[in-house]
Amino acid sequence: MAYTAPRTWVAGEVVTASQMNTHVRDNISYLYGIQGANELWVPATRLLDSGSSTPMGARGYFPVAQLYDANDAAYVSWKCPGNFSSITTAVMVLIPQVTQAAADLDIYTQYGAIGEAYTTNAESDTASTYNLTQWQLFGVDFSGVLAALAADDYVACVLWLGNSAHDVDVVGFHMKYVPLTS
């Protein structure tokens, strides 16, 4: 079911259950995903260490991929839910170890469905920089590198540290989405 432009009510009009369902209930469900969780959370699952033997570790009680050296990378892979329609938010969640303006973090994705090459869709953003504040959870927006995402795609997301001065701990990946409606 799609979003319906809300009706303009007239004074004295008798409102029917069908009208309320269409213009209120269905639109709220469409906008806010009331019909289910419509979220996905995946912890960082792999770390590419460029040489300092930085492990998967912990920051406080959060298990994290610790990125400390240039070319360290954190990986997350997941399956897009079958009821996926469009992205509301898609972020890689970080805990920065230093306050840094214009942190050089590169992001990459590869994704496709069963029967397609795993690189059917391969996107990246190596130009954006991020203003990070030490110890404050931060979300790196991945929605721009998931432009062709479809239900049931298998997805790999990578956050690559471009500079050793921009130490970050990667907690995981969080996506909220608008579900398909029946």
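Every number in this text was worked out from the coordinates using simple rules, so none of it is lab data. As the structure is a computational prediction, the values presented were derived from the model and not from experiment. Neighbour counts run over all protein chains shown; Cβ positions are idealised from the backbone, glycine included.
Sort His166, His174 so that the residue with the fewest other Cβ atoms within 10 Å of its own Cβ comes first and the one with the most comes last.
Details: His166 21, His174 17.
The order, fewest Cβ neighbours first, is His174, His166.
Suppose only helical runs count, i.e. DSSP H with n ≥ 4. What mean residue ellipticity at 222 nm does that imply for the chain under -39500 (n - 2.57) per run, divided by all residues and rounded to the nearest 500 deg cm²/dmol?
On the way: 2 runs with 11 residues, N = 182.
The per-residue figure over the chain is -1500 deg cm²/dmol.
Using log10 I(q)/I(0) by the Debye sum over Cα atoms at q = 0.08, 0.09, 0.11, 0.15 Å⁻¹ as the read-out, say which of (i) -0.34, -0.41, -0.56, -0.86; (ii) -0.46, -0.55, -0.71, -0.96; (iii) -0.51, -0.54, -0.62, -0.87 was calculated from these coordinates.
Looking at log10 I(q)/I(0) by the Debye sum over Cα atoms at q = 0.08, 0.09, 0.11, 0.15 Å⁻¹ for this model, the match is (i).
Could you tally the net charge around Cys80, taking each other residue with its Cβ under 10 Å from the Cβ of Cys80, Lys/Arg +1 and Asp/Glu -1?
Numbers: positive: Lys79; negative: Asp152, Asp153.
Combined, the nearby Lys, Arg, Asp and Glu give -1.
With labels modelled as points extended 7 Å from the Cα through the Cβ direction, what inter-label distance (nm, one decimal) is found for Val10 paired with Ala150?
4.5 nm
In segment 95-113, whose amide N lies under 11 Å from the spot 7 Å out along Cα-to-Cβ of Ser128? List them in ranges.
Correct set: 105-108.
If Lys and Arg each add +1 and Asp and Glu each add -1, what is the summed charge of the other residues whose beta carbon sits under 14 Å from the beta carbon of Asp125? Please report the intermediate quantities before stating the final value.
Values: positive: none; negative: Asp104, Asp106, Glu123, Asp141.
Net of charged neighbours comes to -4.
With contacts defined as alpha carbon pairs under 8 Å and 6 or more residues apart, what's the relative contact order of the chain in percent? Mind dumping the intermediate values first?
Numbers: 424 pairs, mean separation 59.9, N = 182.
Across the chain, relative contact order equals 33 percent.
Can you work out the Karplus-derived ³J(HN,Hα) for every residue in segment 162-177? Use 6.51 cos²θ - 1.76 cosθ + 1.60 with θ = phi - 60°, whole Hz, and x for glycine or proline.
Listing the rounded values in order: x, 8, 5, 7, 10, 4, 9, 10, 9, 7, x, 10, 10, 10, 10, 8 Hz.
Can you list which of the chymotrypsin sites (Phe, Trp or Tyr not before Pro) found in segment 95-132 are DSSP loop residues with at most 15 other C-beta atoms within 10 Å?
Tyr118
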